[in-house]
Amino acid sequence: MNKRIQVWGLLRREVSRFFKVPLQTIGAPIINSALYLLIFGVSLGASLTLHETVPYLAFLIPGLIAMALIKNAFDNSTSALIGQKYVNELQDLRVTPFTIGQLCLSKTVASLFRGILVGLITYIVGEVFYWTVEKTFLGIAHPLPFIYFILLGGLSFGSLGIAIGMWAKSFEHIGAISMLILLPLIYLGGVFFNLESAHLFWQTLSHFNPLFYIINGVRYGMLGVADTSALLAAIVTFIFFLVCTLLALISLQKGSRYLR
C-alpha cells in the first residue's frame, strides 16, 4: 500500500474521532475562550494598556489562541491513545503494515488540526470582541512568524500528548497532568500578563518555561510585540519541537507490545 495513502487513511480516522463529539472537543474550548475575553478582556481589562500602546484585549487574544492550540493539540492525542487502550484498539495495529513513524505523524497532524481549528475560531471570536470595543480589527502583523509558532506549537504538544498518552494508565493520569502541570505552565507562560508586571521570581522562572516562548511567539506574530526576542522564541520552540517529537517516537517504540 502506498505510504501516503496509509498516512492519509490514519489521519482521516484520527480527525473523525474528535468530530464525533464536537461539543466536547470544539464547543467547550470556544465557550471558555469567549468567557475569558468577556471577563478579562472586556470587563476587567477595559482600562489597561500593555507595552505602552497595546490594549489589554489585544494582548489577551493571541494568548488565548496559543492556549487553545496547545491545550487542544495535547488533549487530542492523549485522549485518543487512552481511549484506544481501553478498547484494545492499539493491539489491533500489530497486524497492520503501519510503521511507528506513520502512526506518530498521523496523530500529531490530527492534533495540530484540532488545535488550529479551535484556535481559528478563538481568533474569530476575539476579532468580534475587539471590533465591538475598538471599532477596528486586530489583524496579523507578521504572518510568517505567526504561522511558524502555530505549526510548531501544535505539533509539539500533539507529540508530547503521544508520549504522555503512552505512559498514562487511565484518564485520571491524563487529567492530573493536564490540570496540575500543563495548565499552570500555560497560565505562567504569559497568557494573561506581560513579564514586566510579574514579580522578579516569576520573571526568572518564566524563561525556563517553553510555553512562554510559544505564547510570546504567537503574540509577536499578531501584534509585533513580545516579552522576549522573536529569534530566541523561534529557536527555543524549534528545540522543544524536536524534543517532543523524539519523546513521541521513543514512547511508541517502547510501547511496541501494542504496535507492530
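Remarks
- Net length gained if the chain between ALA28 and LEU180 were fully extended (0.36 nm per residue, minus Cα distance): 52.7 nm
- Option label - semi-axes √(5λ) of the Cα gyration tensor in Å computed here, alternatives (1) 32, 22, 17; (2) 52, 25, 15; (3) 34, 19, 16: (3)
- Each peptide in 68-77, 29-38, 128-137, 113-122 gets a packing score, the mean of other Cβ atoms within 10 Å over its residues, and the list from highest to lowest is 68-77, 113-122, 29-38, 128-137.
- For the chain, adding -39500 (n - 2.57) for each run of n ≥ 4 DSSP H residues and dividing by the number of residues yields -22500 deg cm²/dmol at 222 nm.
- Acute angle (nearest 10 degrees) that the helix 3-19 long axis makes with the longest principal axis of the chain, alpha-carbon atoms: 60 degrees
- Extension gain, GLU89 to HIS173, is 28.3 nm, computed as 0.36 nm per intervening residue step minus the present C-alpha separation.
- The range 88-181: C-alpha gyration tensor shape, a/c 1.5 cut-off, then a/b vs b/c: prolate
Just so you know, all these numbers are worked out from the coordinates, no wet-lab data involved. As the structure is a prediction and not an experimental result, all values here were calculated from the model. All Cβ positions, glycine included, derive from the backbone under ideal geometry; neighbour counts span all protein chains shown.
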